[in-house]
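Some notes on the structure that comes next.
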Amino acid sequence: MKNKYLYIQTFGCQMNVHDSEQMAALLAQCGYKMTDNLKLADLILLNTCSIREKAAHKVYSELGRIGKLKEQNPELIIGVGGCLAQHLGTKFHKRVVHLDLVFGTHNIHRLPEMIASVKNEREKITNVDFYKSLNSIGIYAPPVKGTVSAFVTIMQGCNNFCAYCVVPYLRGPEMSRKPEDIFAEIEKLVDHGIKEVTLLGQNVNSYGKTLGKGLNFTALIKKIGKISGIERIRFMTSHPRDLSLELINCFAEEEKLCEHIHLPVQSGSNRILALMNRGYTVEEYMKKVDHLRKLSPHISITSDIIVGFPGEAQNDYQETIDMMEKIRFDSTFSFKYSERKGTAAQKLEGKIEECEKSRRLTQVQALQDHHTLQANLALEGSLQELLVEGKSKNSENDLMGRTSSWKIVNFKSESELTGKRVNVKISKAYLHSLRGKIDDI
Ligand code: 5AD
Ligand code: SF4
């Protein structure tokens, strides 16, 4: 029988990256082999993002390119999943005529039957229903051989309704997976060689709320810490309002919990934070940062920042800069505010001009680059424990590992160390990585 090939392109966040891994795993059971050659593909899936306008544009332009392949190969099946698909539903077929399949964020587990229908009945399919079950996130994706780190989704959806954000509309209400399902998945991953897990959810701090009595997030981490074979635990993303003292303490108590937290602050102005419906003040945020640094002195703190939210006056923006100067994040993802249909911020007055947003973003990014480099330079000469992930992207002869604080270190090694924890001395710091030398003492 002829091989069937699947090409998946992923846009957006880690959640989407992991959803794509799950799609590939499910379709492997139906005989599809992955390819990174578009021309070879029998099935092309785009896992889309619509958090900002730019992300949606990228999807449309990619679909234009892919459409040409269908003219040469009418048997080719083209599908779109993820947030933009959830948002547009059947309208996606009208906008992009060569699409066969539109599936939403809760429908990954139904991919095999949807693809069979497209094939057998040659009809266009849309499925963007929300379900109360967690079938879509419970699919086991066996890691690629040699991988040491894996994502594990612990919850889906979000109830926060930050004024700018479409996620609660596109991923539905918050729902936590049962702890026993999470443990079973991690044990399987360990059997496949995984040493590090990153627990994924839009707001992991509220894990367990939908389960009634049971484990909260800190208790979940501690139980995962007891699974033998797991050496490192990470999580993403935390909402500052819900970051509990108990979880902050966990950084000091649970040895396997890595010294890194991604804690999106969004703005340094209390007025803007209130308009964003974030539920904390800058002072409350900074208190949590101080506490984290007191209990875990080497912790790396990363964040997200939005500039040009409606009504952000020059002094609000200046407060963001002041906050960055005070906190000195290890790194940040920063974005120009992008208006999304149906969100509360869409109705706000005081929209900021695009060129002003660009000016603010450039400044924020330049300041962050300076802070990131300073933080990296401070590590020169220090000893760091790495979990070795494999070959370095920079050079075939180097290996790459990450520090507990999530920084990339490239180093030379004669022996194959993938999956091992090694100590290296940091010899040189760059903006996006560090260089190290194996410490053989
Ligand atoms: N415009 C700009 N940035 C946004 N984010 C979410 N929604 C928007 C939007 N409408 C950013 C936030 C969030 C990150 C994942 O994306 O900073 O933390
Ligand atoms: Fe969006 Fe806020 Fe939920 Fe994060 S917490 S996904 S920014 S609504």
Take the range 254-375, drop everything but the C-alpha atoms, weight them equally and run the Debye formula without solvent; then report log10 I(q)/I(0) at 0.14 Å⁻¹ to two decimals. -0.60
Can you give the calculated 222 nm mean residue ellipticity of the chain, where each DSSP H run of n ≥ 4 adds -39,500 (n - 2.57) and the sum is split over every residue, rounded to the nearest 500 deg cm²/dmol? -10500 deg cm²/dmol
Beta carbons within 10 angstrom, averaged per residue: use that to sort the peptides 314-327, 259-272, highest first. 259-272, 314-327
Residue-wise HN-Hα coupling along the range 365-375, computed from phi with Karplus coefficients 6.51, -1.76, 1.60 (Hz; x: Gly, Pro): 6, 5, 5, 5, 4, 4, 5, 4, 5, 4, 4
For the chain, built as a Gaussian network whose Cα springs stay under 10 Å, the top-fluctuating residue of Glu185, Glu174, Glu354: Glu354
Relative to the present Cα-Cα distance, how much length would full extension add between Lys188 and Gln29 at 0.36 nm per residue of separation? 55.5 nm
Applying a 10 Å radius around every beta-carbon, put 413-423, 36-46 in order of their mean neighbour count, most first. 36-46, 413-423
I need the Kirkwood Rh of the range 240-303: take the reciprocal of the average 1/r across all distinct C-alpha pairs and report it in angstrom. 12.3 Å
Here the cysteines of the chain without any disulfide-compatible Cβ partner under 4.7 Å are Cys13, Cys30, Cys49, Cys83, Cys158, Cys250, Cys258, Cys355
Which lysines, on any chain, are close to Lys326 with Cα under 27 Å apart, when same-chain ones fewer than 8 places away are left out? Lys287, Lys288, Lys294, Lys336, Lys357, Lys407, Lys428
Check which residues have an amide H placed less than 5 Å from Ile77's amide H, if you skip close sequence neighbours. Leu43, Ile44
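Taking the highest mean first, how do the peptides 378-387, 133-142 order by number of other beta carbon atoms within 10 angstrom per residue? The partial results should precede the final answer.
Working: 378-387: 15.8, 133-142: 17.9.
In descending order of packing, they fall as 133-142, 378-387.
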Largest first and in whole Å, give the semi-axes of the chain's equivalent ellipsoid, each being the square root of 5 times a Cα gyration tensor eigenvalue. 34, 29, 22
Stretch Ser395-Asn135 to full length: gain in nm at 0.36 nm per residue minus the Cα-Cα span? 89.5 nm
Using the Karplus curve 6.51 cos²θ - 1.76 cosθ + 1.60 with θ = phi - 60°, what ³J(HN,Hα) values do you get for each residue of the range 55-60, in whole Hz, with x for Gly and Pro? 5, 5, 4, 4, 5, 4
Could you work out the mean projected area of the convex hull around the alpha carbons of the range 1-67, in square nanometres to one decimal? 4.7 nm²
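Assuming 1.002 mPa s and 20 °C, estimate D for the range 325-386 with Stokes-Einstein, Rh taken as the Kirkwood radius over Cα pairs, in µm²/s.
In µm²/s, the coefficient rounds to 148.
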Nearby aspartates and glutamates by direct alpha-carbon distance to Lys91 (threshold 16 angstrom, same-chain neighbours under 8 apart not counted): Asp100, Glu123, Asp129
Take the alpha carbon atoms of the range 381-441, find their radius of gyration, then divide it by 2.2 N^0.38 Å using N residues; give the quotient. 0.96
Over the range 4-131, what number does the Rg to Rh ratio reach, with both radii from the alpha-carbon atoms and Rh per Kirkwood? 0.92
Long-range amide H contacts for Leu257: which residues qualify at under 5 Å (H placed 1.01 Å from N, peptide plane, sequence gap of 5 or more or a different chain)? Ile233
What is the sum of charges, Lys and Arg at +1 and Asp and Glu at -1, for the other residues whose Cβ falls under 12 Å from the Cβ of Tyr280? +1
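Every read-out reported here was derived from the displayed coordinates using simple, explicitly stated rules and does not represent laboratory data. Everything numeric here is computed off the predicted structure, so don't read it as measured data. FYI the Cβ positions are ideal-geometry reconstructions off the backbone, even for glycines, and counts take in every protein chain you see.
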